[in-house]
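Asker: I have a structure I would like to understand better, so I am pasting it below and will then ask my questions one at a time.
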Amino acid sequence: MPPKFGTSGLRGRVVDLTPGLIGAHVAAFLTACPTGTGLFVGQDLRPSSGRIAAEVIATARAAGLAVRDCGALPTPALAMAAMASGAAAVMVTGSHIPADRNGLKFYTPTGEITKTDEAAILAALGTPVPPRPEGQLTPAPAVAGAYVARYVTAFGPAALSGLRLGLYEHSSVARDLLHAILQGLGAKVLRLARSDSFIPVDTEAVDPATRATLAAWCRDHDLAAVLSTDGDADRPMLTDGTGQVIAGDLLGVLTARALGARVICTPVSSNSLLDQLPDFDAVTRTKIGSPFVIAAMEAARAQDPAAKIVGFEANGGFLLGFDAAGPAGPLPALRTRDAVLPLLAPLVAARRAGQSLAALCAALPARVTASDRLTDMPTEASAAFLAHLSQEGAARAAFLARFGTETALDRTDGLRIGLQDGRVLHLRPSGNAPEFRLYTEAATAAAAQELLADAMAAVAAALGRN
């Protein structure tokens with residue numbers, strides 16, 4: 001499929017991300033959105049990211065902008081640095097998708113682009129940019145240092161003292177910074193499986209072979225946890241001491257609790273145990289995607305400027321909407337999806353309570369989620385299939401016959417179906433990749449995984465994937 005532009009940015013196959021296409025979208029962004037003091041540019045570790053970053057920089061300089069080349073760094077570190085300087089930013093990354101694809105994420109000086117920004121950028125595509133004196137280019141390799149200091153300052157140099165932690169490095173752009181943060185907090189860090197080739201780690205759909213490897217690392221090296229992120233480090237992956245992957249929405253709940261948050265904004269796909277907890281004053285459900293979460297956070301902020309608001313997604317990306325206090329120091333708001341905070345906060349909370357991560361999670365209500373995806377699934381086919389199920393009750397009943405009777409239906413984003421036995425099945429085409437996403441929820445991990453496997457097979461058959 002051709003490159004697609006949306007609120008998550010521009011995504012497409014590398015061969016289709018031509019200099020002309022990159023230049024046109026960057027120029028439209030610069031025309032339609034505020035840029036403040038200039039443009040910060042960062043990239044992940046994909047082979048194509050350096051070339052694409054150079055094209056972004058050239059387009060911005062031709063438009064007269066001062067550009068800071070930040071090199072390879074996490075998306076939230078880039079966004080934090082740009083916002084602190086009152087600048088816009090472009091991150092070259094395809095996030096968790098394979099290396100034959102890449103993309104751009106756009107930030108104004110106030111944070112991620114909104115749906116309104118998206119419409120303005122699309123409207124500006126093809127608008128000529130008047131020639132201006134070439135903007136200055138400044139290398140900024142040390143920008144990420146402030147990101148490390150943020151967490152060491154907030155949690156303190158003894159926060160993880162003595163803990164043996166595994167760092168699954170693969171090709172995450174955060175691998176060296178995360179190592180520095182963990183060491184700065186006093187942990188003993190075992191660096192694992194660093195890769196010179198890009199590995200598309202999806203923290204929402206960890207495959208069985210990786211899960212087995214994580215468990216083996218914990219067992220063989222006596223680790224309290226294994227930490228990792230996706231490629232651009234805005235989605236976390238954390239295991240307990242047995243190697244069991246902790247779902248991203250549970251990391252969100254644990255992090256929100258640790259920070260004393262009172263208002264939660266999260267997509268409809270997040271675990272419903274949130275509704276059973278007394279810790280929070282309000283929970284707002286949104287469509288899936290950080291722009292929708294941010295919009296809900298801003299609406300909540302407008303109602304109560306002093307509210308302790310956070311947002312998170314089922315993939316674990318966490319947005320801090322208020323100036324919080326860590327155990328050792330301040331933790332300023334960071335209204336962009338971040339992976340490091342939801343890795344650290346649960347670890348520190350468990351250590352301060354004298355508990356394991358498994359025990360911390362076991363204290364939550366017994367609702368377990370699971371998720372996976374069918375890759376290389378044309379968006380048009382996925383959308384047509386889902387529309388058929390949504391519009392035709394008989395077709396939906398026939399599809400659900402093997403799973404149970406429908407008792408609730410939520411069309412906020414895709415189809416979220418409540419079943420008579422209390423399980424939940426959520427079907428949704430991805431908004432930024434040719435993938436079909438499935439989410440399940442049940443009272444036990446085994447029941448959630450069983451429903452997920454059966455639903456994956458049923459959807460694959462329905463879409464002609466044998």
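The values are calculated or read from the model by the stated rules, or taken from the named source; none is laboratory data. Here the structure is a predicted model, which is why all the values come from computation and not from measurement. Glycine also receives a Cβ, built like all others from the backbone with ideal geometry; neighbour counts cover every protein chain displayed.
Asker: Looking for something in a loop (DSSP other than H, G, I, E, B) and aliphatic (A, V, I, L, M) - is there at least one such residue anywhere in the range 146-156?
Answerer: Among the residues of the range 146-156, not one is in a loop (DSSP other than H, G, I, E, B) and aliphatic (A, V, I, L, M), which makes the answer no.
Asker: Which one of ALA89, ALA79, ALA60 is surrounded by 22 or more Cβ atoms within 10 Å (Cβ to Cβ), in contact (Cβ under 8 Å) with a residue 40 or more places away in the chain and within 15 Å of the chain's Cα centre (by Cα)?
Answerer: ALA79
Asker: The conditions are (1) farther than 26 Å from ALA53 by Cα; (2) among the hydroxyl-bearing types (Ser, Thr, Tyr); (3) surrounded by fewer than 19 Cβ atoms within 10 Å (Cβ to Cβ); (4) within 23 Å of the chain's Cα centre (by Cα), and SER197 fails exactly one of them. Which is it?
Answerer: Of the numbered conditions (1) farther than 26 Å from ALA53 by Cα; (2) among the hydroxyl-bearing types (Ser, Thr, Tyr); (3) surrounded by fewer than 19 Cβ atoms within 10 Å (Cβ to Cβ); (4) within 23 Å of the chain's Cα centre (by Cα), the odd one out for SER197 is (1).
Asker: Counting only residues that are touching a His at 6+ places or on another chain (Cβ under 7 Å) and among the small types (Gly, Ala, Ser), which one in the range 181-217 is farthest from ALA72 (Cα to Cα)?
Answerer: Per the criteria, the residue is ALA193.
Asker: Is at least one residue of the range 335-348 of a type outside the set (Lys, Arg), in the same structural domain as ILE294 (by TED's automatic domain parsing), under 25 Å from the mean Cα position of the chain (by Cα) and assigned to a loop (DSSP other than H, G, I, E, B)?
Answerer: yes
Asker: Mind checking which residues of the range 271-284 are outside any loop (DSSP other than H, G, I, E, B) and more than 19 Å from ALA448 (Cβ to Cβ)?
Answerer: ALA282, VAL283, THR284
Asker: Here is a check on your reading of the model: is LEU10 modelled with pLDDT of 95 or more and not aromatic (Phe, Trp, Tyr)?
Answerer: no
Asker: Tell me which residues, restricted to the range 237-246, are within 16 Å of the chain's Cα centre (by Cα) and crowded, with 24+ Cβ neighbours inside 10 Å.
Answerer: Hits for the range 237-246 are MET237, LEU238.
Asker: I'm trying to understand the selection: among the residues of the range 181-216, which are at pLDDT below 95, closer than 28 Å to ALA149 by Cβ and not polar (S, T, N, Q)?
Answerer: Once the filter is applied, which keeps residues that are at pLDDT below 95, closer than 28 Å to ALA149 by Cβ and not polar (S, T, N, Q), the range 181-216 yields only VAL201.
Asker: Could you tell me which of the residues LEU360, LEU341 is touching a strand residue (DSSP E or B) at 6+ places or on another chain (Cβ under 8 Å), of a type in the set (A, V, I, L, M, F, W, C) and either buried (at least 17 other Cβ atoms within 10 Å of the Cβ) or closer than 18 Å to LEU238 by Cβ (or both)?
Answerer: LEU341
Asker: Moving on to the next point. Cβ-Cβ distance below 8 Å, separation of 6 or more or different chains: which pairs start in the range 318-333 with a residue that is surrounded by fewer than 21 Cβ atoms within 10 Å (Cβ to Cβ) and at pLDDT 95 or above and end on one that is outside any strand (DSSP E or B) and among the acidic types (Asp, Glu)?
Answerer: Filtered contacts from the range 318-333: PRO330/ASP323; PRO332/ASP323; ALA333/ASP323.
Asker: Could you list all residues from the range 30-73 that are under 10 Å from VAL92 (Cβ atoms), outside any helix (DSSP H, G or I) and not small (Gly, Ala, Ser)?
Answerer: Listed by number, the residues that qualify are VAL41, GLN43, ASP44, ARG46.
Asker: Hey, another quick one. Any idea which of (1) buried (at least 22 other Cβ atoms within 10 Å of the Cβ); (2) farther than 24 Å from HIS96 by Cβ; (3) among the polar types (S, T, N, Q) is the one THR440 doesn't satisfy?
Answerer: So the condition that THR440 fails would be (2).
Asker: For residues in the range 178-191 being closer than 23 Å to ASP240 by Cβ and touching a helix residue (DSSP H, G or I) at 6+ places or on another chain (Cβ under 6 Å), which is surrounded by the fewest Cβ atoms within 10 Å (Cβ to Cβ)?
Answerer: Only one residue fits best here, namely LEU190.
Asker: A further question on this structure: Scan the range 345-358 for residues that are in contact (Cβ under 8 Å) with a residue 60 or more places away in the chain, out of contact with any helix residue (DSSP H, G or I) (no Cβ under 6 Å at 6 or more places or on another chain) and within 15 Å of ALA154 (Cα to Cα) and report the count.
Answerer: Within the range 345-358, residues that are in contact (Cβ under 8 Å) with a residue 60 or more places away in the chain, out of contact with any helix residue (DSSP H, G or I) (no Cβ under 6 Å at 6 or more places or on another chain) and within 15 Å of ALA154 (Cα to Cα) number 1.
Asker: Continuing with this model, one more query. Any residue at all in the range 207-219 that's closer than 19 Å to VAL368 by Cα and either among the acidic types (Asp, Glu) or buried (at least 24 other Cβ atoms within 10 Å of the Cβ) (or both)?
Answerer: yes
Asker: Let me ask another. How many of the residues in the range 8-24 are touching a helix residue (DSSP H, G or I) at 6+ places or on another chain (Cβ under 7 Å) and either outside any loop (DSSP other than H, G, I, E, B) or not assigned by TED's automatic domain parsing to the domain that holds ASN102 (or both)?
Answerer: Residues in the range 8-24 being touching a helix residue (DSSP H, G or I) at 6+ places or on another chain (Cβ under 7 Å) and either outside any loop (DSSP other than H, G, I, E, B) or not assigned by TED's automatic domain parsing to the domain that holds ASN102 (or both): 4 in total.
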